[in-house]
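*Asks:* Before anything else, here's the structure in question.
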Amino acid sequence: MKNLQNKNIIIGITAGIAAYKTIDLIRLLRKSQANVRVVMTEAAKAFITPLTLQAISGNQIAESLLDSNAELAMGHIELAKWADAVVIAPATADFIARIRVGMANDLLSTLCLATAAPILIAPAMNQQMYYQTITQDNLQALQARGVQCVGPNTGEQACGDIGAGRMSEPTEILFAINNLFTPQDCVGLSVLITAGATQEALDPVRFLTNHSSGKMGFALAENFAQRGATVTVVAGAVNLTTPMGVKRIDIISANDMLNVVQTEVARHNIFIACAAVADFRPAQVSPQKMKKNPMVSKETMTLKLVRNPDIVTTIAAMTKNRPFVVGFAAETQNVVAYAKEKLLRKNLDMICANDVSEGKGFNQEQNALHIFWKIGQEIFEKPLHLTTKKQLGRDIVDLILMQLNR
């Protein structure tokens, strides 16, 4: 994750069985080019060894507040100043209680008190301990003071209980750490995005579709979610992992997509029609596989198609609870002219147009776009030059926010 590059992250480990997951978290942080220092409580060493953590983090492990060599240089204060973020994973009920009242009786709790960096905790404990009123009070008090919390998850626990208290997965914690360094300028926004290709059935084994991978739509969803928005993706035929913090609804056909969008859209401020929706579908779907007749020397077949609903036009025509509507236009010629015409004809607030001739755009990691939007009767344009779809996602979100805040 780009936001974590060269960031100084302290990983605090307390005495929980979930400490084994923290090894993978440290690996993910280093893969994101973050600098990692590990601080353990004494009891944490019963669950995972300092030598293991030293090998994974690439740095010496800090274990004791009373290390005379480290404290010659006021080591705990230097660590507190070094950190861009302090992450406690796992954070036990005991440790949560101690930092709530400001105790500083070991190195990790002292760091939490001495640092000006943001603190993120990943609670991990038995479900009964988690649900105790005092634990909930402690968590609420910490969050009111600006300490951020990720999880816990619900599921089977090491003790055999089932309930809340499982530490979040390393990828979830990584997402939360990344968000510490991401502008939270989309908090309060709710975004509905369509992504990927629809499939229009011919018979039980064949369908009409296109080359869309859904990567652009998922990049937009990821960026909105990282910046604090509530995001739902209505996904066609895609082979992509759902971004962290994003709700996903899978569909098959254009009609399926329209039905879901119409059900969901009233709850959203922004609608982005990024999916490559089939313009037409077969007029009739054969209930059985269509077979070649060996007795007939027929070399051609006529297929009757009917027009699919235009989803983005339908949403743009809403008169009640209409969201900010963004369309996409994949063209093979006259990209600028066609995009401007669609912006006006479909009554869109913004359109993102790209040239997909000669294999460009579809199913690629990079793309280039022309963005058009209207203010009154005037159309404005911004070209986004060839770059990754993740970067394009960030740029498009910036442009949408600019219009919403105008």
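The values are calculated or read from the model by the stated rules, or taken from the named source; none is laboratory data. A quick note: this is a predicted structure, and the numbers were derived from the prediction, not measured. All Cβ positions, even for glycine, are placed from backbone atoms using ideal geometry, and neighbour counts span all protein chains on display. Remember, those area values only see protein heavy atoms, side chains included, never the ligands or the DNA or RNA. Shrake-Rupley method; radii C 1.70, N 1.55, O 1.52, S 1.80 Å.
*Asks:* With every protein chain left in place, what is the accessible area of GLU365 in Å² (1.4 Å probe, nearest 10)?
*Replies:* The accessible area of GLU365 comes to roughly 120 Å².
*Asks:* Further question: Are there any GluC sites (Glu not before Pro) in the range 137-215 that are in a DSSP loop and have at most 14 other Cβ atoms within 10 Å? List them by number.
*Replies:* none
*Asks:* Accessible surface of HIS385 in the full protein assembly, 1.4 angstrom probe, to the nearest 10 Å²?
*Replies:* Surface open to solvent at HIS385 totals about 140 Å².
*Asks:* 7 Å from Cα along Cα→Cβ at both THR388 and LYS31: what's the point-to-point distance in nm?
*Replies:* It is 1.4 nm.
*Asks:* Work out the FRET efficiency for ASN59 and ILE375 from their Cβ-Cβ distance, taking R0 = 51 Å, and round it to the nearest 0.05.
*Replies:* Values: r = 52 Å, r/R0 = 1.03.
For R0 = 51 Å, the calculated efficiency reads 0.45.
*Asks:* For helix 335-345, what angle does its Cα long axis make with the longest principal axis of the chain, in degrees from 0 to 90 and rounded to 10?
*Replies:* Once rounded, the angle reads 90 degrees.
*Asks:* Counting pairs of alpha carbon atoms under 8 Å apart in space and at least six apart in sequence, what relative contact order in percent does the range 82-176 give?
*Replies:* So the answer I get is 29 percent.
*Asks:* Could you tell me the relative contact order of the range 256-403? Use alpha-carbon pairs under 8 Å, at least six residues apart, and round to a whole percent.
*Replies:* Relative contact order for the range 256-403 comes out at 17 percent.
*Asks:* When the accessible area of the chain is computed with all protein chains present and a 1.4 Å probe, what percentage of it is carbon and sulfur?
*Replies:* Taking all protein chains in place, the chain shows 51 percent carbon and sulfur surface.
*Asks:* Send over a whole-number figure in Å² for the accessible area per residue of the chain, probe 1.4 Å.
*Replies:* For the chain, the solvent-accessible area averages 50 Å² per residue.
*Asks:* Work out from phi, with θ = phi - 60° and the Karplus expression 6.51 cos²θ - 1.76 cosθ + 1.60, the ³J(HN,Hα) of each residue of the range 13-22, listed in order in whole Hz, and give x for Gly and Pro.
*Replies:* 10, 10, 7, x, 4, 5, 4, 5, 5, 5
*Asks:* Under 8 Å for C-alpha pairs, at least 6 residues apart: give me the relative contact order for the chain, rounded to a whole percent.
*Replies:* Computed value for the chain: 11 percent relative contact order.
*Asks:* Roughly how many debye, to the nearest 20, is the charge dipole of the chain about its Cα centre, given +1 on each Lys and Arg Cβ, -1 on each Asp and Glu Cβ, and no other charges?
*Replies:* 1160
*Asks:* Further, regarding this structure: Could you tell me what percent of the DSSP beta bridges with both partners in the chain are antiparallel, to the nearest 5?
*Replies:* 35
*Asks:* Would you mind getting me the FRET efficiency between THR302 and VAL187? Use the beta-carbon distance for r and R0 = 41 Å, nearest 0.05.
*Replies:* Efficiency, from the Cβ-Cβ distance: 0.15.
*Asks:* Go through 319-329, 83-93 and give me the packing order, highest mean Cβ count within 10 Å leading.
*Replies:* Highest-to-lowest ranking by the protection proxy: 83-93, 319-329.
*Asks:* Let me ask you something else. For a quick check: with amide H placed at 1.01 Å from N, whose amide H comes under 5 Å from LEU202's, ignoring anything fewer than 5 positions away on the same chain?
*Replies:* PHE207, LEU208
*Asks:* Among the lysines in the range 202-312, how many pairs, 8 or more places apart or on different chains, have alpha carbons under 25 Å apart?
*Replies:* 5
*Asks:* So if R0 is 25 Å, what FRET efficiency would THR133 and ILE17 give, r being the distance between their Cβ atoms, rounded to the nearest 0.05?
*Replies:* E(calc), rounded to 0.05, equals 0.55.
*Asks:* Let me ask something else about it. In straight Cα distance, which lysines are under 17 Å from LYS45, not counting same-chain residues fewer than 8 positions off?
*Replies:* Of all the lysines, those that pass the test against LYS45 - Cα under 17 Å, at least 8 places apart if same chain - are LYS21.
*Asks:* Going 7 Å from the Cα of MET318 in the Cα-to-Cβ direction, what parts of the range 327-347 have a backbone nitrogen less than 18 Å from that spot?
*Replies:* Within reach of a label on MET318, which here means backbone N under 18 Å from a point 7 Å along Cα→Cβ, the range 327-347 contributes 327-328, 346-347.
*Asks:* Per DSSP H run of at least 4 residues, take -39500 (n - 2.57); add these up for the chain, divide by its residues and hand me the 222 nm value, nearest 500 deg cm²/dmol.
*Replies:* It comes out at -9500 deg cm²/dmol, rounded to the nearest 500.
*Asks:* Each label point is 7 Å from the Cα along the Cα-to-Cβ direction; what then is the distance between the points at THR209 and ILE252, in nm?
*Replies:* According to this spin-label approximation, the distance is 1.2 nm.
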